[in-house]
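The structure under discussion appears below in the form of structure tokens.
The values are calculated or read from the model by the stated rules, or taken from the named source; none is laboratory data. Here the structure is a predicted model, which means the values were calculated and not measured. Backbone-built Cβ (ideal geometry, glycine too); neighbour counts: all protein chains shown.
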Amino acid sequence: MNSQNTTAALSIEGLVKDYPGVRAVNDVSFSIEPGSVHCLIGENGAGKSTLVKMITGAIKPTQGTMKVNGKVYTPNGTQSARESGIATLFQELHVVDELTVLENLTLGMEKSWFGFLVGSDLEKRAVSTLATIEPSINPHVRVSTLGVAQKQIVEIARAASSGANIIIMDEPTAALSEREVERLFTVIRRLQEQNVTVIYISHKLDEILSLGDRVTIMRDGKHIATKAMTEVNGRAELINMMIGRSIKHDYSPRDTITDEIFLSVQRLSNHRLKNISFDIKKGEIVGFYGLVGAGKTEIARAIFGADKSSGTIRLNGKDVGKSPREAIAAGIALVPEERRTQGLFTNLTIRENIPVMNLPRMSDFGVFREKDELNAAIDYVEKLSIATSSIEKHTEKLSGGNQQKIVIAKCLFSQAKLLLLDEPTRGVDVGAKKEIYDLVKNLASEGNSVAVFSTELEEILGVCDRIFLLYEGSLVSEINNGSDIDTNYILNAATGGLEEVV
């Protein structure tokens, strides 16, 4: 780190971002030293992503100021941020496999003459930068021949060679092996030697502690603290600052859970999951909690047959097929994380959406019974308290909470006995949340089994009888819900603090 340069690489003063009814970032102020690795941490929903979007010009602040190298910085888009020397590496790679490394390094910055690409100093600079960061990568090989970590290094070299002096890395090790993580850390330290500033965002607290020079903690949209890593007393202090409060929940034990195993999953594995085994009892609500990238959505999709996996999935003692069609036929329904793109036909009406997962219930010998469709829509609008002026309203015009209720209504109409809810209350208001929670509890009381997959700890603690904790595709702990729940233990497990997996 260059200690002689006292001007902050990036300074943020009083940054605020308001959305209708929500203050996502609330009066955040801190500065980042040049040539440092500055870590940014917080629970899901702490405001990190919104803050980064403002820094990169993707969204505009409601109020507040930013400065880059002492100069006022007001980006009007991501291109403006790049021109100011700020580059971002996202969890999803942005390289073109069919092109060579060199072509990827200069992609979008090529020089041309009368429509023909010509060589330039940029190519020489890009090759030189790559050689400095990672000399083992041949600039003339196709990117498709490289591993994930090497592709990531190509992205880093592209950012550095384009003149970026601040590189934001968002969960950069999510798909890397332990050895690849070490290589990435070496690359980051080489960037520091060139006075490049790295803003490092991760849920993996051990990485934060070993790599960072300073750390900023956010909670509920607010800046909690910025500390030198030498002043941080281990992961326990980071966790306490991230939580900072007692997690409120109104869970009360239920007496409708039986000892009958309804779903049994053994050694479930795929590109993300690592030998996941668990069971769900009849009438039980179980929760799967983990931070972003822990594997919760992959478990839900694997059970539903939407993603390929190995292992066994048995419902009521019978093997479940490996496709959504077979899962629905067996009595499994999924409320997906992305309701608008995966859960609804937004160009169809409420009446047309509700029966689509079980159309045979609406027909006799191939003849569709429109009256039954009408009655079903009216019935579920009433049961789920869906706010609408008409069942003929297109679902795209409904609020987020009412859209989610339509997705749940579809699943209930399919006569599912196991309901998989992936982020069931994301983007819905407080009133709709309570209605969905009450609905989940009622379904379980009627003998149905429910699995809730969520990154919101309060949600998991409020409705689930048993909780499975996930980290990096592994199930690391199982706990029973109750008044003596230890939220620090939960977050410690979710951030990689448990050495052994179950």
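Observations on the model:
- Taking the criterion of being in contact (Cβ under 8 Å) with a residue 60 or more places away in the chain and under 14 Å from residue 335 (Cβ atoms), the residues of region 413-448 that qualify are 414, 416, 418, 419, 420, 421, 422, 423, 424, 426, 440, 448.
For (1) among the β-branched types (Val, Ile, Thr); (2) surrounded by fewer than 19 Cβ atoms within 10 Å (Cβ to Cβ); (3) at pLDDT 80 or above, each residue gets a yes or a no:
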| position | (1), (2), (3) |
| --- | --- |
| 378 | yes, yes, yes |
| 406 | yes, no, yes |
| 424 | no, no, yes |
| 431 | no, yes, no |
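- The listed residue being assigned by TED's automatic domain parsing to the domain that holds residue 124, within 23 Å of the chain's Cα centre (by Cα) and in a helix (DSSP H, G or I), out of 51, 102, 40: 51
- Scanning region 258-273 for any residue that is over 30 Å from residue 224 (Cβ atoms), crowded, with 20+ Cβ neighbours inside 10 Å and free of Cβ contacts under 8 Å to residues at least 60 places away in the same chain turns up at least one such residue.
- Set 43, 83, 13, 103: member being of a type in the set (Asp, Glu) and crowded, with 21+ Cβ neighbours inside 10 Å: 43
- Scan region 444-476 for residues that are touching a helix residue (DSSP H, G or I) at 6+ places or on another chain (Cβ under 8 Å), of a type outside the set (Phe, Trp, Tyr) and under 15 Å from residue 299 (Cβ atoms) and the total you get is 10.
- Qualifying residue in region 144-156 (condition: surrounded by fewer than 15 Cβ atoms within 10 Å (Cβ to Cβ), at pLDDT 80 or above and more than 24 Å from residue 201 (Cβ to Cβ)): yes
- For region 292-322, the candidate set comprises residues that are surrounded by fewer than 19 Cβ atoms within 10 Å (Cβ to Cβ) and over 17 Å from residue 271 (Cα atoms); within that set, the residue that is modelled with the lowest pLDDT is 321.
- Residue match in region 406-415 (condition: among the basic types (Lys, Arg), assigned by TED's automatic domain parsing to the domain that holds residue 352, touching a strand residue (DSSP E or B) at 6+ places or on another chain (Cβ under 9 Å) and under 27 Å from residue 298 (Cα atoms)): yes
- Failed item, numbered, when residue 289 is tested on (1) of a type in the set (Phe, Trp, Tyr); (2) crowded, with 22+ Cβ neighbours inside 10 Å; (3) more than 17 Å from residue 474 (Cβ to Cβ): (3)
- Options 482, 497: the member that is out of contact with any helix residue (DSSP H, G or I) (no Cβ under 9 Å at 6 or more places or on another chain) and in a loop (DSSP other than H, G, I, E, B): 482
- Whenever a residue of region 196-221 is within 25 Å of residue 16 (Cβ to Cβ), its partners that are basic (Lys, Arg) and in a strand (DSSP E or B), lying with C-beta atoms within less than 7 angstrom and at least six residues away or across chains, give the pairs 214/227; 215/227; 221/23.
- Members of region 330-350 that are more than 15 Å from residue 408 (Cβ to Cβ), in contact with a Lys or Arg (Cβ under 9 Å, 6 or more places away or on another chain) and not in a loop (DSSP other than H, G, I, E, B): 330, 349
- Within region 127-153, the set of residues being of a type in the set (A, V, I, L, M, F, W, C), assigned to a helix (DSSP H, G or I), within 11 Å of residue 101 (Cβ to Cβ) and under 32 Å from the mean Cα position of the chain (by Cα) comprises 130, 143, 153.
- Scanning region 330-357 for residues that are surrounded by fewer than 17 Cβ atoms within 10 Å (Cβ to Cβ), farther than 24 Å from residue 370 by Cβ and free of Cβ contacts under 8 Å to residues at least 60 places away in the same chain yields 338, 341, 342.
- Verdict on residue 300 being assigned by TED's automatic domain parsing to the domain that holds residue 482, touching a Pro at 6+ places or on another chain (Cβ under 7 Å), in contact (Cβ under 8 Å) with a residue 24 or more places away in the chain and not acidic (Asp, Glu): no
- So residue 407, is it in a helix (DSSP H, G or I), of a type in the set (A, V, I, L, M, F, W, C) and under 29 Å from residue 277 (Cα atoms): yes
- For beta carbons closer than 8 Å, sequence separation of 6+ or different chains, a first residue in region 240-252 that is within 12 Å of residue 464 (Cβ to Cβ) and at pLDDT below 80 and a second that is of a type in the set (A, V, I, L, M) and in a helix (DSSP H, G or I), the qualifying pairs are 249/461; 251/461; 251/463.
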